[in-house]
Amino acid sequence: MRLTPVFSLTIFLLLITGPLGADDGYRLWLRYDEIADSPLRKSYAKALPRVFREGDSPQLCAAEEELLLGLSGLLGHGVESTAAAPAKGLILGVLGRSTSLDGLLSAEEQASLPDGGYALIGQGKQFYIVGKDDRGALYGAFAFLRYLQRGRPLDDLHLLDGPRVKNRLLNHWDNLDGTVERGYAGFSIWNWHQLPHYLDPRYTDYARANASIGINGAVVTNVNAKAIVFRRDYLQKAAALAEVFRPYGIRIYLTARFSAPIELGGLPTADPEDAAVKKWWQDKASEIYALIPDFGGFVVKANSEGQPGPREYGRTHAQGANLLADALAPHGGIVMWRAFVYSNEEPVDRAKQAYDEFVPLDGKFRDNVMVQVKNGPIDFQPREPVHPLFGSMPHTPLAMEFQITKEYLGQGTHLVGLGKMYEEVLQTDTYAEGPGTRVADIIDGSAYGDDRLTAMAGVANIGTARNWTGNLFGQADWYTFGRLAWNPTGKAEDYFREWSQMTFPNSPTVQETAQDLLAVSHEACVNYMTPLGLHHIMGPDHHYGPGPWIKDMPRADWTSVYYHKADAEGVGFDRTKTGSDALEQYTSRFAARYESPDSCPPAFLLWYHHLPWDHKLPSGNTLWAELCYSYHAGATKVGEMLKNWKSLSGRLDQERYESVRMHLEIQEKEAKWWRDACLAYFQSFSGMPVPAELEKPTHSLEYYEGLTFPYAPGIKAKW
């Protein structure tokens with residue numbers, strides 16, 4: 001068995017970390033501590049004395065190493081590999097290539113497994129991890145360890161699972177200089193200066209963590225791309241990362257700057273219809289694949305926020321995407337062309353722009369192009385309705401883009417269980433193919449019944465913080481994203497439970513508290529930031545803290561007042577027929593629910609309607625009173641979260657306890673700041689009193705408007 005640096009590092013961490021000793025969170029959910037339940041541990045040890053691997057692919061070898069590492073830690077003693085199938089133990093292999101696996105699955109079961117699928121089977125004294133392919137065997141190994149970490153019984157084990165989405169990616173907004181745009185966990189983990197010669201063991205641990213939750217792609221550069229990444233020396237650096245990722249089934253992707261033929265190739269144009277431009281991209285693709293044979297493809301941000309694109313040459317997004325797709329197609333690569341675009345002209349309603357630009361292009365993209373769409377039509381707000389493109393482009397594969405980092409949700413300090421937001425979006429019925437056409441069904445391709453490309457991408461929250469995500473509970477967002485990318489119809493709370501059980505393995509009380517914090521935190525965040533459908537009212541540029549008063553920016557749609565439209569009469573953005581009519585971009589059955597204030601769910605009331613301050617809601621409260629109660633409910637809930645966490649003192653290691661406690665104390669303070677600043681601002685228009693039983697804003701509106709944060713994290717330093 002080969003011993004890699006990560007194996008040595010992790011064993012060292014296992015040895016120095018006890019149940020209540022120091023723990024910095026580096027191991028994520030791959031903890032493999034000795035199982036505290038002695039009878040359960042002994043039953044596992046008796047059933048799993050050794051491991052046999054049938055096959056020598058890099059993925060199978062990585063799976064075996066993980067099994068040996070995990071079993072040795074969980075069982076409290078060394079578990080060895082064997083050169084022949086044992087009469088008693090664990091057998092790892094791939095269907096059709098492992099004689100030991102013959103007859104384990106019926107023909108129907110084999111046919112049901114997708115690429116990357118696996119089966120976990122117990123039969124007599126032998127246990128089997130059966131992969132549909134090499135990646136499937138790897139995913140099965142991690143699933144088997146997850147099964148043991150959670151204390152599940154091995155009796156009658158017969159479990160089949162496989163990914164419903166083909167491409168499951170992390171999008172890193174990491175810059176080549178080491179900064180991370182909208183990153184709140186330190187600098188980039190990619191050290192481009194020292195690559196390709198120095199390979200940090202952290203790269204392998206990163207790959208292990210992603211493989212454990214089924215992520216199979218990593219876009220390692222920022223969507224605000226630099227052409228230099230296509231220079232030969234930088235491609236060699238990317239190839240070194242790809243070499244680390246490959247045993248864990250992860251393909252590397254790069255972001256493509258559309259003007260690279262000019263900036264790097266010396267051409268006078270980047271026009272997608274120019275023959276020299278086409279040849280430049282074809283040659284560049286061939287160069288990339290000569291270095292990285294399993295290169296995944298390109299992610300492209302074009303004609304948005306200053307990034308160059310085909311519109312500069314009078315061409316469409318389809319022509320731009322197809323240029324790159326044609327270059328990648330001979331090598332099996334794909335293009336993910338982002339729909340986050342808006343024109344230089346200020347719109348009537350920013351929420352309508354992507355639909356207006358992309359729907360006319362439906363069916364005009366190459367087969368290896370996906371349009372990558374953010375979950376909502378504005379920009380990763382705490383809560384948005386689903387993007388109208390979902391269900392509006394039946395002839396074009398759409399990739400979902402979620403944020404895992406928290407650009408608009410308290411950044412690195414706030415505990416916000418994003419899995420609940422992911423689930424809310426994925427379970428939304430678009431009615432695109434009739435009732436029951438959920439966003440999840442569009443993402444996994446089942447809505448259209450064809451074998452199209454499918455993908456889900458998450459903007460990564462990873463940095464050089466020792467625990468990877470800065471806020472310990474940010475790990476749960478990474479974990480839950482991966483699990484929902486694997487199965488978009490899954491339930492967030494199931495994955496919260498898994499993460500909690502593996503992260504805090506020896507204390508059911510801590511596990512249950514952690515689950516509860518994750519389950520209630522997203523709704524709390526929405527309430528103390530943007531209740532009742534308010535949106536885009538954060539501070540400018542850095543997007544930190546409240547800023548509903550923001551105006552006089554270079555573009556109207558960069559301001560807050562553009563979106564909430566508060567005045568003496570009321571508040572909210574009218575997106576019905578009497579306003580921007582953004583609802584026309586959805587199916588009629590979807591739109592019908594939101595067209596009237598009486599039927600519109602309160603969560604989106606001010607997203608779609610401009611209403612008087614004294615408008616009566618179903619709760620019996622006026623709009624103003626409901627706004628006050630919502631803001632206070634959110635801040636109060638954070639106080640409860642902090643109290644519940646403090647009750648765990650002494651029940652887990654002090655380092656992680658203190659880390660979460662301090663972040664929750666910051667969150668409680670900032671939730672009150674959001675509450676008070678926003679109510680002080682909106683009260684200046686409503687002229688109505690805060691309900692008597694509620695706490696009044698601590699400071700004047702002028703105080704909140706005067707706060708500045710020149711060094712807030714998440715934006716590129718202006719050195």
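Among the residues of region 556-590, count how many are under 24 Å from Thr428 (Cβ atoms), of a type outside the set (Asp, Glu) and touching a Phe, Trp or Tyr at 6+ places or on another chain (Cβ under 9 Å). If you could, list the steps in order and put the result at the bottom.
So the first thing to find is which residues in region 556-590 are under 24 Å from Thr428 (Cβ atoms), and the list is 563-564, 572-577, 579-590.
Those left that are additionally of a type outside the set (Asp, Glu): 563-564, 572-573, 575-577, 579-580, 582-583, 585-590.
Filter once more, keeping what is touching a Phe, Trp or Tyr at 6+ places or on another chain (Cβ under 9 Å): 563-564, 572-573, 575-576, 579-580, 582-583, 585-590.
Number of matching residues: 16.
Tallying residues that are open to solvent by less than 50 Å² (accessible area, probe 1.4 Å) and either assigned to a helix (DSSP H, G or I) or under 23 Å from Tyr408 (Cβ atoms) (or both) within region 669-696 yields 13. Can you spot a residue in region 298-310 that is over 23 Å from Trp173 (Cβ atoms) and assigned to a helix (DSSP H, G or I)? No, that holds for no residue. Report yes if Asn191 is over 30 Å from Leu71 (Cα atoms) and polar (S, T, N, Q), otherwise no. Judged against the criteria, Asn191 is a match. Considering the conditions (1) in contact with a Ser or Thr (Cβ under 9 Å, 6 or more places away or on another chain); (2) within 21 Å of Ala207 (Cα to Cα); (3) small (Gly, Ala, Ser), Ser57 is excluded by exactly one of them, (1).
I'd like to check something: does region 284-304 contain any residue that is more than 27 Å from Ala242 (Cα to Cα), surrounded by fewer than 16 Cβ atoms within 10 Å (Cβ to Cβ) and either touching a residue at least 24 places away in the same chain (Cβ under 8 Å) or touching a Leu at 6+ places or on another chain (Cβ under 6 Å) (or both)? No, the conditions are met nowhere in region 284-304.
Residue-by-condition table, conditions (1) closer than 21 Å to Val165 by Cα; (2) in contact with a strand residue (DSSP E or B) (Cβ under 6 Å, 6 or more places away or on another chain); (3) acidic (Asp, Glu); (4) outside any helix (DSSP H, G or I):
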position	(1), (2), (3), (4)
Tyr479	yes, no, no, no
Leu484	yes, no, no, no
Thr489	yes, no, no, yes
Glu493	yes, no, yes, no
Phe496	yes, no, no, no
Thr509	no, no, no, no
Glu512	no, no, yes, no
Asp516	no, no, yes, no
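Residue count for region 435-450, restricted to those that are exposed (fewer than 15 other Cβ atoms within 10 Å of the Cβ) and either of a type in the set (Phe, Trp, Tyr) or on the phi < 0 side of the Ramachandran plot (or both): 2. A count restricted to region 99-125 and to residues that are touching a residue at least 40 places away in the same chain (Cβ under 8 Å), within 16 Å of Gly136 (Cβ to Cβ), surrounded by fewer than 19 Cβ atoms within 10 Å (Cβ to Cβ) and not small (Gly, Ala, Ser) stands at 3. Taken together, Leu138, Leu157 contain a single residue that is open to solvent by less than 10 Å² (accessible area, probe 1.4 Å) and without any contact (Cβ under 8 Å) to a residue 60 or more places away in the chain, which is Leu157.
Each row is one residue, and each column tells you yes or no for (1) modelled with pLDDT under 95; (2) under 18 Å from Asp429 (Cα atoms); (3) in a loop (DSSP other than H, G, I, E, B).
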{"site": "Val359", "(1), (2), (3)": "no, no, no"}
{"site": "Gly363", "(1), (2), (3)": "no, no, yes"}
{"site": "Ile378", "(1), (2), (3)": "no, no, yes"}
{"site": "Gly391", "(1), (2), (3)": "yes, yes, yes"}
{"site": "Glu407", "(1), (2), (3)": "no, no, yes"}
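For the residues Arg164, Arg150, the requirement of being under 25 Å from the mean Cα position of the chain (by Cα), buried (at least 18 other Cβ atoms within 10 Å of the Cβ) and in contact (Cβ under 8 Å) with a residue 12 or more places away in the chain singles out Arg164. Check region 328-340 and report whether any residue there is closer than 22 Å to Asn171 by Cβ, in a loop (DSSP other than H, G, I, E, B), open to solvent by less than 50 Å² (accessible area, probe 1.4 Å) and not small (Gly, Ala, Ser). Checked against the condition, which is being closer than 22 Å to Asn171 by Cβ, in a loop (DSSP other than H, G, I, E, B), open to solvent by less than 50 Å² (accessible area, probe 1.4 Å) and not small (Gly, Ala, Ser), region 328-340 yields at least one hit. What do you reckon, is Leu453 open to solvent by 30 Å² or more (accessible area, probe 1.4 Å), hydrophobic (A, V, I, L, M, F, W, C) and part of a loop (DSSP other than H, G, I, E, B)? Yes, satisfied.
Yes or no, residue by residue, for (1) aliphatic (A, V, I, L, M); (2) more than 24 Å from Asp379 (Cα to Cα); (3) modelled with pLDDT of 95 or more:
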residue: Arg164; (1), (2), (3): no, yes, yes
residue: Asn167; (1), (2), (3): no, no, yes
residue: Asp174; (1), (2), (3): no, no, yes
residue: Asp200; (1), (2), (3): no, yes, yes
residue: Arg208; (1), (2), (3): no, yes, yes
residue: Val244; (1), (2), (3): yes, yes, yes
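Taking Tyr234, is it aromatic (Phe, Trp, Tyr), in contact (Cβ under 8 Å) with a residue 40 or more places away in the chain, touching a helix residue (DSSP H, G or I) at 6+ places or on another chain (Cβ under 7 Å) and open to solvent by 10 Å² or more (accessible area, probe 1.4 Å)? So Tyr234 fits the description; yes.
In the set Phe365, Phe390, Phe380, only one residue is aromatic (Phe, Trp, Tyr), over 21 Å from Ser588 (Cβ atoms) and over 17 Å from the mean Cα position of the chain (by Cα); that residue is Phe365. Within region 504-523, does at least one residue satisfy the condition of being open to solvent by 10 Å² or more (accessible area, probe 1.4 Å), within 30 Å of Val220 (Cβ to Cβ) and touching a Pro at 6+ places or on another chain (Cβ under 9 Å)? Among the residues of region 504-523, not one is open to solvent by 10 Å² or more (accessible area, probe 1.4 Å), within 30 Å of Val220 (Cβ to Cβ) and touching a Pro at 6+ places or on another chain (Cβ under 9 Å), which makes the answer no. Residues that are in a loop (DSSP other than H, G, I, E, B), in contact (Cβ under 8 Å) with a residue 40 or more places away in the chain and open to solvent by less than 20 Å² (accessible area, probe 1.4 Å) within region 176-187 comprise Thr179, Gly183, Ala185, listed in sequence order. In region 252-283, the residue that is least open to solvent (accessible area, probe 1.4 Å) out of those that are among the basic types (Lys, Arg) and in contact with a helix residue (DSSP H, G or I) (Cβ under 7 Å, 6 or more places away or on another chain) is Arg257.
On the basis of being at pLDDT 95 or above and either in contact with a strand residue (DSSP E or B) (Cβ under 7 Å, 6 or more places away or on another chain) or not acidic (Asp, Glu) (or both), does Ala524 make the cut? Here the answer is yes, as Ala524 does meet what is asked. Residues that are assigned to a loop (DSSP other than H, G, I, E, B), touching a helix residue (DSSP H, G or I) at 6+ places or on another chain (Cβ under 6 Å) and closer than 20 Å to Ala207 by Cβ within region 466-477 comprise just one, Thr469.
The listed residues are Val223, Val229, and the only one of them that is assigned to a helix (DSSP H, G or I), closer than 20 Å to Gly297 by Cβ and not hydroxyl-bearing (Ser, Thr, Tyr) turns out to be Val229.
Comparison of Gly78, Gly55, Gly96 shows that the only residue that is closer than 15 Å to Ala137 by Cα, surrounded by fewer than 16 Cβ atoms within 10 Å (Cβ to Cβ) and not charged (D, E, K, R) is Gly96.
The values are calculated or read from the model by the stated rules, or taken from the named source; none is laboratory data. In this text, all values refer to a predicted model and were calculated from it rather than measured experimentally. Cβ sites come from the backbone with ideal geometry, for glycine too, and all protein chains shown count toward neighbours. With ligands, DNA and RNA removed, areas are computed over all heavy atoms of the protein, side chains included. Shrake-Rupley method; radii C 1.70, N 1.55, O 1.52, S 1.80 Å.
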